[in-house]
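Read the structure below first, then the notes.
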Amino acid sequence: MDQFIVSARKYRPSRFETVIGQDAITVTLKNAIRNNHLAQAFLFCGPRGVGKTTCARILAKTINCESLTEEGEACDSCSSCKSFNEGKSLNVFELDAASNNHVEDIRSLIDQVRFSPQAGKYKVYIIDEVHMLSQQAFNAFLKTLEEPPAHAKFILATTEKHKVLPTILSRCQIFDFKRVTVEDIARHLAFVAEHEGIQADMEALHIIAQKSDGALRDALSTFDQLVSFGGNRLTYEEVIENLNILDHDYFFKVIDQVVTGDQTGALLLLDEVIRRGFDGHNFINGLNEHIRNLLVCKDPQTIPLIEASQNIRERYLAQTNECSYDFLLRALDLGNSADLQYRTSKNPRFLVELLLLKMTALTSPAAGEDGPPKAKVVQRSAAPAPAAKPKAKEEPKAERKEATPPPPQPPVQEVRKEDVKAPEAVKPEQPKPVAQPKQPTQTNTISIKTILSEEAESAKNTDSDDAGESTDVNTTAPAGAPTFSEEDLAKHWKDFAEQAKANGKRNLGATMLKRLPDIKDSQTIHLMLDNRALEEILEVEKSDILRYLREKLALSALMLTTEVKIDAPDETPYTPRDKFEKMAEKNPNINKLKQQLDLDIDY
């Protein structure tokens, strides 16, 4: 039985023209060879599986070819090319820096460089994974790399250019290899499948190319693995099953259900995806990519940005016509937020379900417009419309007005006249103001202005309801006469001050005991203060003071006003700065001590 050779080795390019996806680099190298403009050192860097080592070998083979073609390619017929193809060339040395990364390894390499080749023009040294060399090995390699013998060429290859010393980079011509596109990989896989006699669906090859993430070597390895499973037939379904990839059909179904508002179908489809062993994060990423492709299809010029087969592109074009641009943009924003929150979520499945529900809500008729509330408002505003119809029948109302209003009016007028003549009968109804003490319980959460406004409204209501009794109420409680005495006010004021001092509020108690308030009118007391500091102290506890006094004086509308007596400033110090200045006036040495020690006042 013949020995099996993997496709990555069997179909490895042997000429520059067969290199996949690196046209800019291969053209530059061919022109340099043809014009004899070769540098002494090259650095090939880029991701894995994109052809760095392959191009290094082709370059080493081509510069030693005895009869180059006009395009700058090796002839593959001279003795040098044949020995290289058979792996017997003495002019090409490959070194793995991962296992030969010490100073001694570089020194032995430098010793070999001094000898000229026995056949051919150049000795070529290919050092793979050069970033693995130690710093001492790099330093030992610097001089030889900068000024090597005329017959020596160095080709360095690495996947991590940032780990190579800048002094090494400055001595090399740097070629950055790019990732191979999905289309190039799919075409190469089709070429390999044709030569191997394998029938492969183009959609299946596209899936393999996308899974390889731009690495042609990985794509060929995956291709061999799938051929081992399916034999000479490679179908899209087999590739999806073996690579454990979510099919495009899932995402097309999800978007169809979301657009039609089928929340149940979307949740059941998600459950099927999870039961098949797929991760919720992969589902979110796949859905985001699907929505992105739908968004790209909105403009014909951006359709080539979709990395998919022609059949899948046609399905994208068909579905994108059913989705608005605004929906796709908002759905993509929701998917991106879910992607960021997935790693920190304690219930990932709920996060994905919530994402689907939010996307479904975007397509509802009231999405983004607060539809349900508006519908209710329309119903409510439409309800009074039938009530407006009786307005057209206002002609009979004249008879109703003549019939209904007069009967209640005469008794009301008679009662009012009788009440005016006999005010004693009204007095039993006057205890209504006594019920006001119930309101102090509301002052815990309601401001004073609110209480006053409520009382004003209640007074208006009572005046309107009992118009005939208004004169009696006003005579019993004149606006300017206080309903409490100065002795009661002083007593309760001092009691609250003593309670404040007992509760640890010494400043408040001292402030209240220093001056007593004056009665300004029936509902207002006025307190004169000596400075702003006292006003600030009192303002903090003002609500508690009013609550206490209202309860003790049985006056829920009591107000407290304050005023700072500017013309007679208080000499009593209250703040740390005032105390310091007071002490400095008595003893100037304190100020000198502060300046000498560079002290600050503690505020």
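The values are calculated or read from the model by the stated rules, or taken from the named source; none is laboratory data. Bear in mind the structure is a predicted one, so any value in this text is a computation, not a measurement. A quick note on method: Cβ atoms are made from the backbone with ideal geometry, for glycine too, and the neighbour counts reach across all protein chains shown. Only protein heavy atoms, including side chains, enter the accessible area calculation; ligands, DNA and RNA are left aside. Shrake-Rupley method; radii C 1.70, N 1.55, O 1.52, S 1.80 Å.
Could you list all residues from the stretch 93-126 that are in contact with a strand residue (DSSP E or B) (Cβ under 7 Å, 6 or more places away or on another chain) and under 16 Å from Thr53 (Cα atoms)?
If the condition is that a residue be in contact with a strand residue (DSSP E or B) (Cβ under 7 Å, 6 or more places away or on another chain) and under 16 Å from Thr53 (Cα atoms), then Phe93, Glu94, Leu95, Asp96, Ala97, Val124, Tyr125, Ile126 are the ones that fit.
Which of the residues spanning the stretch 283-307 are more than 28 Å from Gln341 (Cα to Cα) and open to solvent by 70 Å² or more (accessible area, probe 1.4 Å)?
Lys298, Pro300, Gln301, Pro304
Would you pick out the residues in the stretch 242-260 that are over 25 Å from His206 (Cβ atoms) and surrounded by fewer than 16 Cβ atoms within 10 Å (Cβ to Cβ)?
Within the stretch 242-260, just Thr260 meets the criteria.
Out of Ala533, Ala557, Ala510, I need the residue that is in contact with a helix residue (DSSP H, G or I) (Cβ under 6 Å, 6 or more places away or on another chain) and surrounded by 14 or more Cβ atoms within 10 Å (Cβ to Cβ). Which one?
Numbers: Ala533 fails: in contact with a helix residue (DSSP H, G or I) (Cβ under 6 Å, 6 or more places away or on another chain); Ala510 fails: in contact with a helix residue (DSSP H, G or I) (Cβ under 6 Å, 6 or more places away or on another chain).
Exactly one of Ala533, Ala557, Ala510 is in contact with a helix residue (DSSP H, G or I) (Cβ under 6 Å, 6 or more places away or on another chain) and surrounded by 14 or more Cβ atoms within 10 Å (Cβ to Cβ), namely Ala557.
Condition first: in contact with a Ser or Thr (Cβ under 8 Å, 6 or more places away or on another chain) and within 15 Å of Ile20 (Cβ to Cβ). Can you find one or more residues in the stretch 194-210 that meet it?
Looking for residues that are in contact with a Ser or Thr (Cβ under 8 Å, 6 or more places away or on another chain) and within 15 Å of Ile20 (Cβ to Cβ), one finds at least one in the stretch 194-210, hence yes.
Please go through the stretch 70-89 and pick out each residue that is out of contact with any helix residue (DSSP H, G or I) (no Cβ under 9 Å at 6 or more places or on another chain) and either at pLDDT 85 or above or buried (at least 21 other Cβ atoms within 10 Å of the Cβ) (or both). Walk me through it before giving the result.
So the first thing to find is which residues in the stretch 70-89 are out of contact with any helix residue (DSSP H, G or I) (no Cβ under 9 Å at 6 or more places or on another chain), and the list is 77-79, 82-83, 86-87.
Residues satisfying the conditions are Ser77, Cys78, Ser79, Lys82, Ser83, Glu86.
Restricting attention to the stretch 578-603, and to residues there that are loosely packed, with under 11 Cβ neighbours inside 10 Å and in contact with a helix residue (DSSP H, G or I) (Cβ under 7 Å, 6 or more places away or on another chain), which single residue is modelled with the highest pLDDT?
Asp602
Please enumerate the residues belonging to the stretch 170-210 that are over 39 Å from the mean Cα position of the chain (by Cα) and among the aliphatic types (A, V, I, L, M).
Once the filter is applied, which keeps residues that are over 39 Å from the mean Cα position of the chain (by Cα) and among the aliphatic types (A, V, I, L, M), the stretch 170-210 yields Leu189, Ala190, Val192, Ala193, Ile198, Ala200.
Restricted to the stretch 162-192, and to residues that are within 18 Å of Ser309 (Cβ to Cβ) and among the acidic types (Asp, Glu), which residue is most open to solvent (accessible area, probe 1.4 Å)?
In this case the residue turns out to be Glu183.
Name the residue that is surrounded by the fewest Cβ atoms within 10 Å (Cβ to Cβ), counting only residues in the stretch 217-235 that are part of a helix (DSSP H, G or I) and modelled with pLDDT under 85.
Going through the qualifying residues, I end up with Phe229.
Restricting to the stretch 140-160, what's the tally of residues that are open to solvent by 50 Å² or more (accessible area, probe 1.4 Å) and modelled with pLDDT of 90 or more?
Counting residues in the stretch 140-160 that are open to solvent by 50 Å² or more (accessible area, probe 1.4 Å) and modelled with pLDDT of 90 or more gives 2.
Using beta carbons and a limit of 7 Å, which pairs, at least six apart or on different chains, have the first residue in the stretch 337-363 and modelled with pLDDT of 90 or more and the second one open to solvent by 50 Å² or more (accessible area, probe 1.4 Å) and not charged (D, E, K, R)?
What qualifies is Asp339/Asn285; Arg349/Ile274; Leu351/Gln341; Glu353/Leu267; Leu356/Leu267; Leu357/Gln263; Thr360/Gln263.
For the stretch 90-123, give me each residue that is in contact (Cβ under 8 Å) with a residue 40 or more places away in the chain, open to solvent by 80 Å² or more (accessible area, probe 1.4 Å) and not basic (Lys, Arg).
If the condition is that a residue be in contact (Cβ under 8 Å) with a residue 40 or more places away in the chain, open to solvent by 80 Å² or more (accessible area, probe 1.4 Å) and not basic (Lys, Arg), then no residue fits.
What is the one condition in (1) touching a helix residue (DSSP H, G or I) at 6+ places or on another chain (Cβ under 7 Å); (2) open to solvent by less than 20 Å² (accessible area, probe 1.4 Å) that Ala39 does not satisfy?
Exception for Ala39: condition (1).
I'd like to check something: does the stretch 193-208 contain any residue that is crowded, with 19+ Cβ neighbours inside 10 Å and within 23 Å of Thr26 (Cα to Cα)?
No, the stretch 193-208 contains no residue that is crowded, with 19+ Cβ neighbours inside 10 Å and within 23 Å of Thr26 (Cα to Cα).
For a quick check of your reading: which strands (runs of 3 or more DSSP E) sit entirely within the stretch 514-577 and have at least 2 residues that are among the β-branched types (Val, Ile, Thr) and either at pLDDT below 80 or at negative phi (or both)?
524-529, 559-564
Would you check if there is a residue in the stretch 44-55 being in a helix (DSSP H, G or I), surrounded by fewer than 13 Cβ atoms within 10 Å (Cβ to Cβ) and not small (Gly, Ala, Ser)? It would help to see each step written out before you state the result.
Taking the stretch 44-55 and keeping what is in a helix (DSSP H, G or I), we get 52-55.
Retained after the next criterion (residues that are surrounded by fewer than 13 Cβ atoms within 10 Å (Cβ to Cβ)): none.
No, because not a single residue in the stretch 44-55 is in a helix (DSSP H, G or I), surrounded by fewer than 13 Cβ atoms within 10 Å (Cβ to Cβ) and not small (Gly, Ala, Ser).
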